[in-house]
Amino acid sequence: LPICFRHCLGGLLSTTHQNVRLSLELAPGVALSRAKTTRTVESLHGPEGAIVLSIDLGDLFAEERRDILLALSLPDAPEGEQVLGTLRARGFSVLTNRSEDCRPIEMTIQRAAGAGEASVANPQVASHQNRYLATTALETARAAGGRGELGAAKRCLEAASERIAASDLAVQGDLMTVNLLTDIRECLTDFQHQQSQRSQAAVCNKMASMSYGHERQRACGTASSFQYSNPTSRHMGQTCHEYTSKRG
């Protein structure tokens, strides 16, 4: 509880923007294939019939980031640069006490004839693929565990563990990937040793916290979510630790 409190307090003291909303206006012919996030992605109609994908990001602490992974289907196109869409962000600035709009960013790619799927995935994309896989597995296993379906929960976690462990980033020791694997395997171990409904509920609560921390990219008291904390949260944590140590 003290760990959760210090991260929450540190975040509240460093909130820079509230009600942040991200929108992506897709170029003609470009469509959303799959949204690899548990956040709600709204599909709206923009000017001249354009499709606009809108995602509510909530409040942001200083130096926080939000990575939203989207799979897009593209129309046939000749070689050269192709526009995918225009990205925008809007939020209420706590510092200026007014709403702010970020400068629109045009998203483009280079198309090449005969280009197939890349043999080596972009490390940043692969990292968030693993994060999405882990968060959905933790949430699915939590729901199954809550219904008393322990076998289904274990199988879900085992499958996710195997897939993530087989990724190049896991072999390379990527910090986020290692933390994801650690969380999943810890929950598997907990399921194997739980002896009562109370301990089963405790495992489900732990998985809920882990899933929230990784999906929201925010420290929430778990060891692995510390990687998402900002300097203010870390300072508050150190101050809290020193204070409690002296009191103890």
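State yes or no: is residue 138 on the phi < 0 side of the Ramachandran plot, in contact with a helix residue (DSSP H, G or I) (Cβ under 8 Å, 6 or more places away or on another chain) and free of Cβ contacts under 8 Å to residues at least 60 places away in the same chain? Taking the combined requirement at face value, the residue does not satisfy it. I'd like to know if segment 111-123 contains one or more residues that are assigned to a helix (DSSP H, G or I) and either open to solvent by 30 Å² or more (accessible area, probe 1.4 Å) or touching a Cys at 6+ places or on another chain (Cβ under 7 Å) (or both). Looking through segment 111-123, at least one residue is assigned to a helix (DSSP H, G or I) and either open to solvent by 30 Å² or more (accessible area, probe 1.4 Å) or touching a Cys at 6+ places or on another chain (Cβ under 7 Å) (or both). When you look at residue 135, is it outside any loop (DSSP other than H, G, I, E, B) and crowded, with 18+ Cβ neighbours inside 10 Å, yes or no? Yes: the conditions hold for residue 135. The single condition from (1) over 26 Å from residue 72 (Cβ atoms); (2) open to solvent by 40 Å² or more (accessible area, probe 1.4 Å) that residue 153 fails is (2). For first residues located in segment 203-228 and more than 15 Å from residue 189 (Cβ to Cβ) and in a helix (DSSP H, G or I), partners that are open to solvent by 10 Å² or more (accessible area, probe 1.4 Å) and of a type in the set (A, V, I, L, M) and lie 6+ apart or on another chain with Cβ distances below 6 Å form the pairs 225/219; 226/219; 228/219. The set of residues in segment 170-187 that are touching a Ser or Thr at 6+ places or on another chain (Cβ under 9 Å) and open to solvent by less than 20 Å² (accessible area, probe 1.4 Å) comprises 177, 180, 181, 183, 184.
Test of understanding: among 95, 57, 53, which residue is among the aliphatic types (A, V, I, L, M) and touching a residue at least 40 places away in the same chain (Cβ under 8 Å)?
95
Close Cβ contacts (under 7 Å, 6 or more residues apart or on different chains) running from residues in segment 173-190 that are farther than 15 Å from residue 127 by Cα to residues that are assigned to a helix (DSSP H, G or I) and of a type in the set (Val, Ile, Thr) comprise 187/203; 190/203.
The values are calculated or read from the model by the stated rules, or taken from the named source; none is laboratory data. Fair warning: this is a prediction, and the values are worked out from it, not measured in the lab. Glycine gets a Cβ as well: all are built from the backbone with ideal geometry, and neighbour counts include every protein chain shown. Just so you know, the surface numbers come from the protein's heavy atoms only, side chains and all, with ligands and any DNA or RNA stripped out. Shrake-Rupley method; radii C 1.70, N 1.55, O 1.52, S 1.80 Å.
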